[in-house]
Amino acid sequence: MPFKRDMKGIKNLTEGPILRQLFMLAMPIMATSFIQMAYSLTDMAWVGRIGSEAIAAVGSVGLLTWMTTSLALLNKVGSEVSVGQAIGMKDETAARSFATHNLTLSLMISAAWAIILFTFAPFIIRFYELKEHIASDAINYLRIVSTAFPFVFMSAAFTGIFNAGGRSKIPFTINGIGLIINMILDPLFIFVFDWKTDGAALATWIAQACVFGLFVYQLKFKKILWDDFRFFSKLKRVYTAKIVKIGFPVATLNVLFAFVNMFLGRTASTVGGHIGLMAMTTSGQIEAITWNTSQGFSTALSAFVAQNYAAKKISRVMKALKSTLFMTLIFGIFCSLLFIFYGNNIFAIFVPEKEAYEAGGLALRIDGYSQLFMMLEIVIQGVFYGMGRTIPPAIISISCNYLRIPMAFLFVSFGWGLSGIWWTICLTSIIKGIIILIWFLAIKKKTLDNMAIEEK
């Protein structure tokens, strides 16, 4: 059946030029990812002028912020896949219902999560065994930003809905406005008002609130996707179950990944003090350049695959995958060379202390060897997600990420110090990329090739 008239803003990705559609969809998503990354990097850059101890305080909370965005993936990916597949099947009622259910779930989960973090902030931060004054700054920072996490969750769900509808430029524009607000307020609150790390937290809070408000405006008042859209509804099992089935494995693997990194952060703090924790968290933020690039392409691929897989157009799925791998390969080689040969220089932009950028530069150099494999893993994840098969990537990621704990213990026991932690991250990233490629090729041979024959 044809699309109903009130699905006015939704783009059909099952027809038309593949490369152009992918590129036009991926660029805004990728730019949005960079903007979201820039929130943290902006905070890091300004706070780094205070000193490495302030960076360590913000960095410890950064791992919890990562966990928050990981939880939010339940409804971001849930929206992209469930809404996208409904669009591919030309079921307008299901598309609207999935969108509303994702927003309702995101509000419920985020409210509970924010309360937990605010209440248990002292206990959580002291896990890192930081000096008391650093821990105190981190606790205050966490309590401020935790109250903004419902905005983060809801905005992630909104982003997924717009991506599924092929309107990825809207999240890009909205998050860009949020970044500009954050960039203006950071130096004002940190240095002019002398609020230091609390100022960085407050700037982020205001920016995220503005982003949320703009998303509401686009859906409710500008009626971008539907003429009449309800944000919340009573949850129904048929929709909730599918969202959870799609989004829970993705959220779980990322949350568990965050837990692993919290452990590695504590290990880095134990081995190298606040310099070790600072080097790990800040290098992770810098590495997000390649991560977010591949994630942008992966998200676009997921939305593209969701519509075409549901429409049984497998040839378009495979052509899209090949094009995406080629584009990420070029960028991955560039970033690998940049990290390997200019690690110290890049790190010094954010933390100009010699001890800090030498430790962080080493982390970037070692991590540079794994960038192509990391990007391979993330891109192929996009195909799995678009097919609604979120469990295989979860199994691979969870297994390999938890392998980091004994490997870190082993390498540190060899006397490798912080280098042991960096090599742990590098080697497991390589392993993940190889395994997910093999798994996908097996599924392609077993399922996709047969569907492609039927398509002909």
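The values are calculated or read from the model by the stated rules, or taken from the named source; none is laboratory data. Everything numeric in this text was worked out from a predicted model, so none of it was measured. Here Cβ is always computed from backbone atoms with ideal geometry, including for glycine, and neighbour counts include all displayed protein chains.
Summary table below
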{"quantity": "Those residues of segment 52-84 which are more than 20 Å from D137 (Cα to Cα) and hydrophobic (A, V, I, L, M, F, W, C), in sequence order", "calculated": "L71, A72, L73, L74, V77, V81, V83"}
{"quantity": "The listed residue being out of contact with any His (no Cβ under 7 Å at 6 or more places or on another chain), surrounded by fewer than 23 Cβ atoms within 10 Å (Cβ to Cβ) and of a type in the set (V, I, T), out of I87, I144", "calculated": "I144"}
{"quantity": "Matching residues in segment 16-38 - criterion: being modelled with pLDDT of 75 or more, of a type outside the set (A, V, I, L, M, F, W, C) and within 29 Å of T282 (Cα to Cα)", "calculated": "P28"}
{"quantity": "Lone qualifier among F334, F326, F350 - being touching a residue at least 40 places away in the same chain (Cβ under 8 Å) and of a type in the set (F, W, Y)", "calculated": "F350"}
{"quantity": "Total residues in segment 183-219, condition on the phi > 0 side of the Ramachandran plot and free of Cβ contacts under 8 Å to residues at least 24 places away in the same chain", "calculated": "1"}
{"quantity": "Only listed residue being of a type outside the set (S, T, N, Q), over 18 Å from the mean Cα position of the chain (by Cα) and exposed (fewer than 15 other Cβ atoms within 10 Å of the Cβ), chosen from I438, I421, I430", "calculated": "I438"}
{"quantity": "Within segment 268-313, considering residues that are over 26 Å from L410 (Cα atoms) and charged (D, E, K, R), the one surrounded by the most Cβ atoms within 10 Å (Cβ to Cβ)", "calculated": "K313"}
{"quantity": "Within segment 157-187, tally of residues that are assigned to a helix (DSSP H, G or I) and basic (K, R)", "calculated": "1"}
{"quantity": "Out of I115, I125, sole residue that is in a helix (DSSP H, G or I) and either in contact (Cβ under 8 Å) with a residue 60 or more places away in the chain or within 30 Å of N12 (Cα to Cα) (or both)", "calculated": "I125"}
{"quantity": "Matching option when the condition is modelled with pLDDT of 90 or more, over 19 Å from the mean Cα position of the chain (by Cα) and surrounded by fewer than 23 Cβ atoms within 10 Å (Cβ to Cβ), among I116, I124", "calculated": "I116"}
{"quantity": "Residue in segment 384-394 that is in a helix (DSSP H, G or I) and among the charged types (D, E, K, R) present", "calculated": "no"}
{"quantity": "All positions within segment 219-255 that are surrounded by fewer than 22 Cβ atoms within 10 Å (Cβ to Cβ) and within 20 Å of Q285 (Cβ to Cβ)", "calculated": "V255"}
{"quantity": "Set I243, I224, I190: member being closer than 19 Å to A156 by Cα, in contact with a Gly (Cβ under 6 Å, 6 or more places away or on another chain), in a helix (DSSP H, G or I) and of a type in the set (V, I, T)", "calculated": "I243"}
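Listed here are the residues, each with its yes/no results for (1) over 18 Å from T281 (Cβ atoms); (2) in contact with an Asp or Glu (Cβ under 6 Å, 6 or more places away or on another chain); (3) among the charged types (D, E, K, R).
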residue: L117; (1), (2), (3): no, no, no
residue: I124; (1), (2), (3): no, no, no
residue: F127; (1), (2), (3): no, no, no
residue: R143; (1), (2), (3): yes, no, yes
residue: S146; (1), (2), (3): no, no, no
residue: I161; (1), (2), (3): yes, no, no
residue: S168; (1), (2), (3): yes, no, no
residue: I174; (1), (2), (3): yes, no, no
residue: I177; (1), (2), (3): yes, no, no
